[in-house]
Every structure is written in C-alpha cells, then in structure tokens.
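The values are calculated or read from the model by the stated rules, or taken from the named source; none is laboratory data. This structure is a prediction, so every number in the text was calculated from the model and none was measured. Every residue, glycine as well, gets a Cβ built from its backbone with ideal geometry; the counts of neighbours run over all protein chains shown.
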Amino acid sequence: MSGAPIISRTGAATDRQPPEEIHPHTMSGRVYQLHSTLELPLEDVTEYFDSDPELPEQIEDIDITRRNNTLIIKSVAREGAVSKYTPTAQLKASVAETRVYEEEPEAGPGAPPAWGEEEEEIPSELVEFAAFKGDRETVLQNTALQFPMFEVLCAIAQQAEKGTLTAISEHDGELEATKIVDGEKRPATVEVVEGPGKETAPANGINWRDNKFIS
C-alpha cells in the first residue's frame with residue numbers, strides 16, 4: 001500500500017483547449033520565511049480537496065500521497081509552466097492518531113452525587129490528524145511553484161481550528177506578511193529593521209520561530 005495515492009483529483013480530460021502560454025511574470029513569488037504549527041483532522045484535508053477548490057493559476061492539479069505516517073501534497077504544474085523534469089513544490093505533514101473525547105455533560109442543577117456508582121466513561125474515538133509543523137524547508141519543499149503552493153497551504157490553514165501559520169513572502173515585487181491563527185486570517189505587517197553587524201549577529205541568524213518581524 002506504500003505510495004498509493006489517497007486522493008486523485010485528475011480526471012479524464014475531454015475537449016481540452018491548448019494551454020495558454022504562461023509568461024515569466026506569472027511565476028513571480030517567493031516564500032522567504034515560514035513557520036507552521038497547523039494541525040487538523042486528516043479527513044478534513046481530504047474533504048477539502050474533494051470539494052474541488054479553486055487552485056492557483058499555475059497549478060493544474062493536486063496529487064496527495066500517503067507514505068506510512070507522512071502525507072505529501074504535491075503540485076501538478078500546468079503544461080508549459082515548468083520543465084517536466086523539474087520537481088514541483090509540495091507540502092509535507094506527519095500523520096498520527098489522537099484520541100478525541102466528547103465533552104463531558106454537565107450535571108443538572110442540584111443533582112446529588114451518585115455515591116457508589118462507577119464514573120461514566122466519556123465517549124471517545126481515535127482520529128488521524130495531519131500536522132503541518134516546522135519551518136519552510138520542512139513544510140513547503142522544492143522551489144518550482146513555491147508561491148502558488150504556499151497559497152494552497154494558506155487555504156488549508158483557514159480550515160484548521162488549531163495552530164498558527166506565519167510567513168514572509170514576496171509577490172509581484174512586494175513583501176507580504178501572512179498570519180493565520182486557528183483558522184482565522186489576522187492582520188500582519190513586515191517590520192523592516194537594520195540588521196546587526198557581523199560582530200553581534202547570532203551564529204544561526206534570526207530566530208524566525210519567534211516571528212518578531214511579523215506584527
């Protein structure tokens with residue numbers, strides 16, 4: 001079963017029109033920094049793509065493959081967008097089972113304690129969650145179609161009830177800050193400051209996990 005796709009949005013093409021020429025300026029966009037703690041049920045991810053969402057212009061389709069406990073969401077480029085041998089951008093998530101409990105019902109007003117009775121077990125079930133956690137190199141891999149695939153990640157982030165996505169990207173020559181918290185897009189700006197000199201710069205550069213340049 002390893003390598004078998006769990007989603008395929010590619011259907012038989014009929015009456016296909018010749019692909020439009022994709023000019024270089026339509027490929028502009030780059031993600032400089034990214035950090036994600038997104039986590040959502042795997043079923044929500046599959047249902048989102050099953051709903052046939054609108055994809056960025058340069059992406060023809062999405063191919064989702066599960067390899068053991070790893071979920072790969074790969075972009076399929078439109079014809080002519082990139083060389084057929086160029087690896088296109090993909091999202092990577094880890095999959096793990098989590099026990100989810102129903103909310104415990106509150107006791108009625110004035111209800112006496114049931115002495116001697118066993119505590120009622122709260123109903124629960126095991127649910128598989130997809131966790132998009134890490135920095136750009138972990139979550140958003142490969143550079144071809146990187147920005148369009150980042151837009152797909154932002155769409156997934158708005159489906160997630162838990163976790164935060166922050167990023168600094170460039171699109172059409174402009175720096176953009178992105179901040180999505182628990183499925184809600186928040187206002188964000190990029191703060192440009194003068195960098196420290198070599199003598200005072202930290203050994204590993206800026207700690208982007210703190211996202212102190214995104215406000």
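The set of residues in the stretch 52-66 that are part of a loop (DSSP other than H, G, I, E, B) and surrounded by 15 or more Cβ atoms within 10 Å (Cβ to Cβ) comprises L55, P56, Q58.
Looking only at the stretch 138-171, count every residue that is of a type in the set (D, E, K, R) and over 23 Å from E60 (Cα atoms) and tell me the total.
Just the residues of the stretch 138-171 that are of a type in the set (D, E, K, R), to begin with: 151, 161-162, 170.
Now drop any that are not over 23 Å from E60 (Cα atoms), which leaves 161-162.
Result for the stretch 138-171: 2.
Is there any pair linking a residue in the stretch 142-163 that is free of Cβ contacts under 8 Å to residues at least 40 places away in the same chain to one that is surrounded by 23 or more Cβ atoms within 10 Å (Cβ to Cβ), with Cβ under 8 Å and at least six apart or on different chains, and which? Every condition considered, the pairs that remain are C154/L165; C154/I180; Q158/I180.
Looking at the stretch 30-54, which of its residues are in contact (Cβ under 8 Å) with a residue 60 or more places away in the chain and of a type in the set (D, E)?
Initially, the stretch 30-54 is screened for residues in contact (Cβ under 8 Å) with a residue 60 or more places away in the chain, giving 30-45, 48, 53.
Answer for the stretch 30-54, where residues must be in contact (Cβ under 8 Å) with a residue 60 or more places away in the chain and of a type in the set (D, E): E39, E43, D44.
If you go through the stretch 163-178 and pick out every residue that is in a loop (DSSP other than H, G, I, E, B) and among the hydrophobic types (A, V, I, L, M, F, W, C), you end up with 0.
Which of the strands (runs of 3 or more DSSP E) found entirely inside the stretch 67-162 contain at least 2 residues meeting this: modelled with pLDDT under 95 and more than 30 Å from G29 (Cα to Cα)?
Details: elements: 70-77, 90-101, 124-135.
Strands (runs of 3 or more DSSP E) meeting the threshold: 90-101, 124-135.
Scanning the stretch 55-74 for residues that are of a type outside the set (D, E) and either out of contact with any helix residue (DSSP H, G or I) (no Cβ under 8 Å at 6 or more places or on another chain) or free of Cβ contacts under 8 Å to residues at least 24 places away in the same chain (or both) yields T65, R66, R67, N68, N69, T70, I72, K74.
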